[in-house]
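Following: one structure in structure tokens, then a few remarks.
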Amino acid sequence: MPEDRVRRLLDPTTEYCEEFFRLLGAKEIVAIDASDYEGAQIVHDMNRQIPDSLGSSFDLVLDSGTLEHIFDFPTALRNAAQMVRPDGRFISITMANNFCGHGFYQFSPELFYRFLCPQNGYALDSCILWEDIPGSMFYQVPDPDSLRTRIDLTSEFGAYLIVSAHRLGDVSREFIPQQSDYMRRWSEPEESAQESSNMEWLRISVRRIQILRSAFVTLNAKARYRRLRIKRNAQQLLTPLKDLRVLR
């Protein structure tokens, strides 16, 4: 690897990722932005549908902190997915938790699993969660639908979601994903009714013991918050990726 390239990559004044992708062998690197203020080659507001000329144009589309700043997120996500060539890849590095005020949105693994699916021309290969604190591990997050449960998580500090998927076929602008646990309730009403009945029994029991109700709710909420912390992984739903580390 040429020393001058390495030097430029490690230079603290190197603000963008183009040099990194050149080191990986990229022949053409194109930035898209709503303004040419930072030197984007294509000026396009991702709140608006991309022109046909940009469809299936790139081997890799990288969202490294853009989508959460775009108000019409569904349109922006569809745009990104459609710009990838068949057999190409879409990668998103975005906010999962504790970034209130950073952008318009924060996202859950469920969103990407439901959108980047075979029915919409994609296969999601990797969904990784990382909390930005020293010594924090990276965790592979499974598909909630495969576990038939929500994967609720809390964090003490900002948490990032890193998603990688490859394109299989056509991406439809008409495709609208639904959350998996609701899909199960609609398709398996008897099982869902039993779960609801059990929860209702617990709620009625707590209401009958009025003195304990407030304390129970408060203690339960605190315990649940602690139990769901990413670093505790108490439910063992996350797979630690021990070979991944952040170099600071």
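Only the coordinates and a few stated rules stand behind these numbers; no lab work does. The structure presented is a predicted model; accordingly, all values stated were derived computationally and were not measured. Please note: Cβ atoms are built from the backbone with ideal geometry, for glycine as well, and neighbour counts cover all protein chains shown.
Test of the criteria: in the range 21-129, which GluC sites (Glu not before Pro) are in a DSSP loop and have at most 13 other Cβ atoms within 10 angstrom of their Cβ? Walk me through the intermediate numbers first.
Numbers: sites: GLU28, GLU38, GLU68, GLU110; in loops: GLU28, GLU38.
Counting only loop positions with at most 13 other Cβ atoms within 10 Å, the GluC sites (Glu not before Pro) in the range 21-129 are GLU28, GLU38.
Starting from the alpha-carbon convex hull of the chain, give the projected area averaged over all orientations, in nm².
17.1 nm²
Cut-off under 25 Å on the C-alpha distance; same-chain residues fewer than 8 positions from LYS242 excluded. Which lysines are left, in chain and number order?
Correct list for LYS242: LYS231.
Out of ALA159, ALA31, ALA76, any idea which swings most in a Gaussian network model of the chain, alpha carbons joined below 10 Å?
ALA31
Under a Cβ-Cβ cut-off of 10 Å, what is the net charge of the residues other than ILE42 that fall near it, where Lys and Arg count +1 and Asp and Glu count -1?
Values: positive: none; negative: ASP33, ASP36.
Here the charged neighbours net out to -2.
According to the square roots a ≥ b ≥ c of the eigenvalues of the Cα gyration tensor, what is the shape class of the range 1-88, taking rounded for a/c under 1.5, prolate for a/b larger than b/c otherwise, and oblate for the remainder?
Working: a/c = 2.44, a/b = 1.65, b/c = 1.48.
Prolate, because a/c is 1.5 or more and a/b exceeds b/c.
Select from the range 1-107 those chymotrypsin sites (Phe, Trp or Tyr not before Pro) which occupy a DSSP coil region and have at most 14 other Cβ atoms within 10 Å, ordered by residue number.
Details: sites: TYR16, PHE20, PHE21, TYR37, PHE58, PHE71, PHE90, PHE99, PHE104, TYR105, PHE107; in loops: TYR16, TYR37, PHE71, PHE99, PHE104, TYR105, PHE107.
Qualifying residues, ordered by number: TYR16, TYR37, PHE71, PHE104.
Let me check the size of the range 40-91 from its C-alpha atoms; what are the radius of gyration and Dmax in Å?
According to the Cα coordinates of the range 40-91, Rg and Dmax are 10.4, 29 Å.
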